[in-house]
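Quick notes on the structure that follows.
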Amino acid sequence: MATFDPGAATAAYMATLSPAAHAKAIAYTHGSEWLILWTCLVSIAASWLILRSGILRRLRERVDPDGRRPKRAVLAISAAFVLLTFLLELPWSIYTSWWRERSYQLSSQSFGSWLGDTAKALPISLIITTLFLLALYTLIRRAPRSWWLWASGVTAGGVILIVIIAPLFIEPLFNQYTPAPEGPVRTEVVRLAEATGVPHDKILIYNGSKQSDRYTANVSGLFGTARVAMSDTMFKQHADRSEVIAVVGHEMGHYVHKHILWFAGCMCLMAVVAFWLIDRLYPPTRDLLPGAAGVGGLADPAGLPILMIIASVLGLLSTPFSTTMTRVAESDADRFSLDNAHEPDGLAKALVKTIAYRASSPGRLEEIIFYDHPSVERRVHRAMLWKAAHPDRVGAPYGPLPRGT
């Protein structure tokens, strides 16, 4: 019997896509990497235009002329900033989120449907951003020396709260979520859920093809609201049983290991650094920017565009840290799927389908900086290594590996 070669098996999976398909994926991926920079510059430009116009300063003088109603000023200025930023960045959003996705055949959503979803998202963003900025500026006023430390905790708590309520109040606004239909695949999914301790009523299908043709699934929520959701694109692209089980096993890994808490913890640490830097960089940035005349210190909400310019630059510079944070969780979810679903070839087949929007074989530095998932080739190779190490477990009953294996 021939010895199984993980390297050769990985190469065979990569070869299932034509050179033209790989070239298209590379072009899309490299373009997406450049978009990180351009999106940052667009955000900076929008904030600078708002600052230069002086509209927020005039709004502050109107709603809080004597400085006795700072909360009212923050609410008014935050809402105005969100709306103005939305309008200024809308052409860029149309290009990046709609036109570009359609041009690469990654979405068939009409412009009207996209605009409708965007319109739904605007009030949600308005509410969340305004409340967050209200809390942020309150901390700046009341604890001017240590606000940045408290604000990081508020950020982490806010992220967790949004994650908890999203499946109940936000996600249903954009998609329909239904239980997986009865049949052999659902039966297998339920068995896997029982073996991994995931409530099987938490496994849903949603009409993700409404927005995107990407082959995907996700986990959302936390504690009682957590759930695993499979996009209907998985079934429209004729995913077989092994693929579905492998992908669901991956998402169950996120669920069981509560990776959202990992994300919240990492974001809290990153927020500490970001807010500390904002505290130090705000005065010199204000002094350097034309159009900042009449804007006060960090506690002045009229300086919100300055704060956002600094935050945009820091967000760009933190890209390698945020992508590494998610890659760690994605690698762990892959291991969970392999160790519990025992479908290395199913996982490999599913991963190959994601090459359409994520080039399979980047350089190591490119992967570290830009990839929020390990590269497809690396993930497939790990699956093949698992297959070589556990030949007797492939297709075995679901559940964790025996200790010591």
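The values are calculated or read from the model by the stated rules, or taken from the named source; none is laboratory data. The structure displayed is predicted, hence computed values, not measured ones. All Cβ positions, even for glycine, are placed from backbone atoms using ideal geometry, and neighbour counts span all protein chains on display.
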Would you mind telling me which numbered condition in (1) without any contact (Cβ under 8 Å) to a residue 40 or more places away in the chain; (2) out of contact with any helix residue (DSSP H, G or I) (no Cβ under 8 Å at 6 or more places or on another chain) L307 fails?
-> (2)
With the checklist (1) in contact (Cβ under 8 Å) with a residue 24 or more places away in the chain; (2) surrounded by fewer than 16 Cβ atoms within 10 Å (Cβ to Cβ); (3) of a type in the set (G, A, S); (4) under 26 Å from P305 (Cβ atoms) in hand, flag the one item S146 doesn't pass.
-> (1)
Looking only at helices (runs of 4 or more DSSP H) that fall completely inside segment 1-80, which ones have 2 or more residues that are over 17 Å from T130 (Cα atoms), over 33 Å from the mean Cα position of the chain (by Cα) and among the small types (G, A, S)?
-> none
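Could you please give the count of residues in segment 96-125 that are within 19 Å of the chain's Cα centre (by Cα) and either in a helix (DSSP H, G or I) or of a type in the set (A, V, I, L, M) (or both)? Write out each step before concluding.
We begin by selecting, within segment 96-125, every residue within 19 Å of the chain's Cα centre (by Cα); these are 96-98, 100-101, 106-107, 114, 117-118, 120-122, 124-125.
Still in the running and either in a helix (DSSP H, G or I) or of a type in the set (A, V, I, L, M) (or both): 96-98, 100-101, 106, 114, 117-118, 120-122, 124-125.
Number of matching residues: 14.
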Would segment 378-388 turn up any residue that is in contact with a Pro (Cβ under 9 Å, 6 or more places away or on another chain), of a type in the set (F, W, Y) and in contact (Cβ under 8 Å) with a residue 40 or more places away in the chain?
-> yes
Among A143, A156, A135, A151, which is small (G, A, S), in contact with a helix residue (DSSP H, G or I) (Cβ under 7 Å, 6 or more places away or on another chain) and modelled with pLDDT under 90?
-> A156
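Wholly within segment 302-405, which helices (runs of 4 or more DSSP H) include no fewer than the required count, namely at least 3 residues that are of a type in the set (K, R), surrounded by 15 or more Cβ atoms within 10 Å (Cβ to Cβ) and modelled with pLDDT of 95 or more? It would help to see each step written out before you state the result.
Working: elements: 304-317, 319-341, 344-353, 364-370, 376-389.
Counting at least 3 such residues, we get 376-389.
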Test for A45: is it in contact with a helix residue (DSSP H, G or I) (Cβ under 6 Å, 6 or more places away or on another chain) and either without any contact (Cβ under 8 Å) to a residue 40 or more places away in the chain or not acidic (D, E) (or both) | no
Matching option when the condition is among the hydrophobic types (A, V, I, L, M, F, W, C) and either more than 21 Å from I306 (Cβ to Cβ) or free of Cβ contacts under 8 Å to residues at least 60 places away in the same chain (or both), among L134, L88 = L88
Looking at I164, is it modelled with pLDDT under 95, more than 30 Å from H30 (Cα to Cα) and either touching a helix residue (DSSP H, G or I) at 6+ places or on another chain (Cβ under 6 Å) or not in a helix (DSSP H, G or I) (or both)?
-> yes
Within segment 44-76, can you find the residues that are farther than 21 Å from I310 by Cβ and charged (D, E, K, R)?
-> R58, E61, R62, D64, D66, R68, R69, K71, R72
Matching residues in segment 149-186 - criterion: being surrounded by 14 or more Cβ atoms within 10 Å (Cβ to Cβ), touching a residue at least 60 places away in the same chain (Cβ under 8 Å) and not β-branched (V, I, T) = L149, A151, S152, A156, P167
Here the residues within segment 282-297 that are surrounded by fewer than 18 Cβ atoms within 10 Å (Cβ to Cβ) and either in contact with a strand residue (DSSP E or B) (Cβ under 6 Å, 6 or more places away or on another chain) or not hydroxyl-bearing (S, T, Y) (or both) are P283, P284, D287, L288, P290, G291, A293, G294, G296, G297
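Going residue by residue through segment 253-268, is there one that turns out to be of a type in the set (A, V, I, L, M, F, W, C) and at pLDDT 95 or above?
no
Residues checked against (1) under 30 Å from R214 (Cα atoms); (2) buried (at least 18 other Cβ atoms within 10 Å of the Cβ):
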position	(1), (2)
G7	yes, no
A23	yes, no
S43	yes, yes
L56	no, yes
V63	no, no
P91	yes, no
S107	yes, yes
L115	yes, no
Across segment 207-232, the tally of residues that are of a type in the set (S, T, Y) and crowded, with 21+ Cβ neighbours inside 10 Å stands at 3
Return yes when V189 is in contact with a Phe, Trp or Tyr (Cβ under 7 Å, 6 or more places away or on another chain), crowded, with 18+ Cβ neighbours inside 10 Å, under 20 Å from Y255 (Cα atoms) and aliphatic (A, V, I, L, M) and no when it is not.
-> no
